[in-house]
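Peer 1: Before I ask anything, let me first share the structure, which is written out below as structure tokens.
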Amino acid sequence: MEAGKTGGEQSTGCLRLKVRCSTTKPGQVVAVLGGGDVLHNWGQADDAGPLVLSCVDDLGSVTWPLWTLHDPLPVVRGQTLEYKYLIVREDGHHIVRWETRKPGENRCLVVEDDELSSAMHDDGEFSRIAAPAGQEVMEEEAARFEASARAKVDRHARRAVDKLNRAVSKTVSAEVEASLQPHRRLQRIGKGKQGKCFLVELEDGAHALLKELKNGGRHAYRAEVDALERLSQTPAASAGIVPRFLGAAPQSRQVLMSYFRGTALPDGDLAPALRGPPFSVARALRCWLDIAGAVAQANDMELIHCDVNPWNMLISDGKPTPAPSEVASGETSNGPAACLVDWACARGPNEAARDLPFKKRGDFQPPELLEGRVGPCTDTFGCASTLLWILVKRTRKGLAAELAAGPAALTEHFASAVEEGVSSSTLSTSQSYKEVLTKLAQACCLGMAELWQTRCGLGELCDLVHEALVSVDEIANELGVAALRNGSLQLQSR
């Protein structure tokens, strides 16, 4: 920062900067750097990184996409500030990008009485730096010409790539279709919006699932195949918590995967778990932890499911689903209790989500998804919303007031569900069970925060649910022992 000399008496004061930026992704924040010590001398000092702005005001209210520098800058009237905004990671030290790439194209502000009296300066939109007088029209014309030329080049490039893809697909279509294992269709199952699903029988007698995406589902097909292939070596795939990839046919957009014998969560009896006895709650939490663990493994591979919801969570019907090797040997296993399906919306954290098939926000999607942003916290919201549905069969819209009020209000709602479902008053008056409800309420509130910056991670969410599960198991064991003791006393009295 450089101070300009002014005649007469100088007025001093403090100034805060604010700017609007809606292009940040999860884990990123807006910051500012400039000339002089106050603006950290363009970051040249070893201990002087960017000045981080916040999208939460002094009262704790979210102001996104408006970002404000909460630590005011000491300024003098007539002083010239030269600075530029940038996007950095949350640690404040890893620069993602500057608002403009041209060196020397900086914001210049001469501190006047208006800034000193209001103690605030609004810089408008991120990356829109006012051009010097006489250059604005020329720069707009140049930008329009450049955009038009780039669009023309892109159109020619897309046509060339499409023509090449069509030629390649015609050449190798027979070879590609042959990559699917021989199979026989048995029946159509499921109600997928993006395609049809069929139960098929392979040559060795094992059952598998054939998913056939619609003609317009190129993005869905590529996402499903890429996700299942990447997950094929994970423990979740080995355990059957996510489908195992068995083959694909790009020409007909068919994906062959392992078959999970069960029903969608809404069609089963798992929810609402809190209206049942403790062992039913424990079963529900174990199923949820299996799914959340699989999502965490995918997130570790920078793969975001983007559509975790009860309809994509299958619950085992208790009957074994034989694997190909088990059919040959005559042995079967019970398999996992739950399976997370439909990876057709999966994306990487750096991929745009604008081509996802969500025309409006659903009950299990976070707000940033419809803004084209994807990150690990996207799946945290989906998992937490699904947990809430499993516990009380309600969504964020139905419990908006409780979620906004915080864990205490949601705990009261959970307690009411317990009282409605359990005839005995043992659980409703148990202090240890109330602590379980509190942990579950905290998990839902932290995981369903509207702003991804304040949303907890999936690991923290799983830790809270696991702690609740341990307590529920202890309570279930205590009730079971008490029931056995009462039964033996009744037999003795007879």
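The values are calculated or read from the model by the stated rules, or taken from the named source; none is laboratory data. Because the structure is predicted, anything quoted here is derived from the model rather than measured. As a convention, Cβ positions derive from the backbone with ideal geometry for all residues, glycine included, and neighbour counts pool all protein chains shown. Note: areas computed on protein heavy atoms with side chains; ligands, DNA, RNA excluded. Shrake-Rupley method; radii C 1.70, N 1.55, O 1.52, S 1.80 Å.
Peer 1: Report, to the nearest whole %, how much of the accessible area of region 52-123 belongs to carbon and sulfur atoms, 1.4 Å probe, protein only.
Peer 2: 51
Peer 1: Please work out the C-alpha center-to-center distance from region 249-263 to region 382-414 and express it in whole Å.
Peer 2: 34
Peer 1: Starting from the Cα of residue 467, step 7 Å along the direction of its Cβ; do the same at residue 118; then give the gap between the two resulting points in nm.
Peer 2: 4.6
Peer 1: At 0.36 nm per residue, minus the direct Cα-Cα distance, what do residue 184 and residue 98 gain on full extension? Give it in nm, one decimal, please.
Peer 2: So the extension gain works out to 25.3 nm.
Peer 1: Given the pairs 152/214; 359/439; 214/359; 360/439; 152/360; 102/359, which span a C-alpha to C-alpha distance of over 28 angstrom in this model?
Peer 2: 152/214; 359/439; 360/439; 152/360; 102/359, as the Cα separations exceed 28 Å there.
Peer 1: Would you compute, for the Cα atoms of region 402-478, the largest minus smallest coordinate along each principal axis and list the three values in descending order, in whole Å?
Peer 2: Ordered largest first, region 402-478 gives principal extents of 41, 23, 16 Å.
Peer 1: Further, regarding this structure: Could you tally the net charge around residue 461, taking each other residue with its Cβ under 13 Å from the Cβ of residue 461, Lys/Arg +1 and Asp/Glu -1?
Peer 2: -2
Peer 1: Let me test this: with uniform point scatterers at the alpha carbons of region 362-456, what is the Debye-based log₁₀ I(q)/I(0) at q = 0.11, 0.13, 0.20 1/Å?
Peer 2: Debye output, listed in q order: -0.33, -0.45, -0.91.
Peer 1: Starting with the highest mean, order 382-394, 454-466 by the number of other Cβ atoms within 10 Å, averaged over the residues of each peptide.
Peer 2: 382-394, 454-466
Peer 1: Report the full-extension gain for the segment residue 127 to residue 82: residue separation times 0.36 nm, less the Cα-Cα distance, to one decimal in nm.
Peer 2: 14.7 nm
Peer 1: Same structure, new question: Considering only protein heavy atoms and a 1.4 Å probe, what is the carbon-and-sulfur percentage of the accessible area of region 394-476?
Peer 2: After summing per-atom areas, the C and S share lands at 50 percent.
Peer 1: Could you compute the FRET efficiency for residue 12 and residue 229, with r as their C-beta to C-beta distance and R0 at 60 Å, rounded to 0.05?
Peer 2: Calculated transfer efficiency: 0.45.
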